[in-house]
1. Determine, for H128, H65, the number of other Cβ atoms within 10 Å of each Cβ, and report the residues in order from fewest to most.
2. Among F137, V44, Q20, whose Cα lies farthest out toward the positive end of the dipole of the chain, if unit charges sit on the beta carbon of Lys, Arg (+1) and Asp, Glu (-1)?
3. By how many nm would the segment from K62 to D40 grow when fully extended, if each residue of separation counts as 0.36 nm and the alpha-carbon distance is taken off?
4. Which of the three applies to the chain, rounded, prolate or oblate, going by the alpha-carbon gyration tensor with a ≥ b ≥ c and a/c under 1.5 meaning rounded?
5. What is the distance, in nm, between label points placed 7 Å from the Cα along the Cα-to-Cβ direction at K87 and at I30?
6. Based on the mean of other beta carbon atoms within 10 Å per residue, what is the order of 34-46, 12-24, most packed first?
7. Given 0.36 nm per residue, what is the gain on full extension from A8 to R143 after removing their alpha carbon distance, in nm?
8. Once both labels are modelled 7 Å past Cα along the beta-carbon direction, what's the M1-K101 spacing in nm?
Amino acid sequence: MIVRTVEADDLYKVIDIEYQNFDYPYPPEIINFLYESYRDTFLVVETNKAIIGFVIGIVQKKEGHILVIAIKDEYKKKGIGTFLMKKLIEVYEKKGITQLKLEVRTSNLAAITMYKRLGFKITNRLRHYYENGEDGFLLKRERT
Ligand SMILES: CC(C)(COP(=O)(O)OP(=O)(O)OC[C@H]1O[C@@H](n2cnc3c(N)ncnc32)[C@H](O)[C@@H]1OP(=O)(O)O)[C@@H](O)C(=O)NCCC(=O)NCCS
């Protein structure tokens, strides 16, 4: 299993995993834009030449903003999401970025648990943040 920065040939697979995981996926144009603009913090995890997950981060005002992470269903709950997040945190730290933030649906227990274990803390509740009216949590992490 390796983690590496995304390449153009990976994008269709990333889009596939995005659509499998979310009711309101980022459309392909946005995924392409993120690939063009934030390649360093757009990572994929590969095993036997197949993409099984990805994470996309951006940098805004010297802060890292993690937009999305998803792992293919059959590879979930094996520590891969945590591994990928740790790699992204390393990439940010090499850029001198130690303040990280992300948003998550309040119902997304799997992700919230993973983020808390990685040192993120809930700082705000974001009322009606999502398309279906669901609240979000804002989570932040400083270098630990
Ligand atoms: C969130 C997600 C990326 C986690 O990836 P993963 O590889 O399954 O996570 P890990 O195996 O590293 O799990 C880390 C910890 O999170 C918690 N966790 C993971 N899945 C969980 C679940 N379904 N229910 C409860 N806790 C869960 C566990 O505490 C786990 O640690 P443990 O296995 O030692 O108990 C994955 O579930 C996913 O792709 N979800 C759909 C997309 C999504 O919601 N992304 C986040 C919002 S952008």
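Derivation of every value follows stated rules applied to the coordinates shown; laboratory data play no part. The structure presented is a predicted model; accordingly, all values stated were derived computationally and were not measured. As a convention, Cβ positions derive from the backbone with ideal geometry for all residues, glycine included, and neighbour counts pool all protein chains shown.
1. H128, H65
2. F137
3. Gain in length upon complete extension: 6.5 nm.
4. Cα axes put the chain in the rounded bin.
5. Result for the modelled spin labels: 2.3 nm.
6. 34-46, 12-24
7. 45.5 nm
8. My value for the distance between the label points is 3.0 nm.
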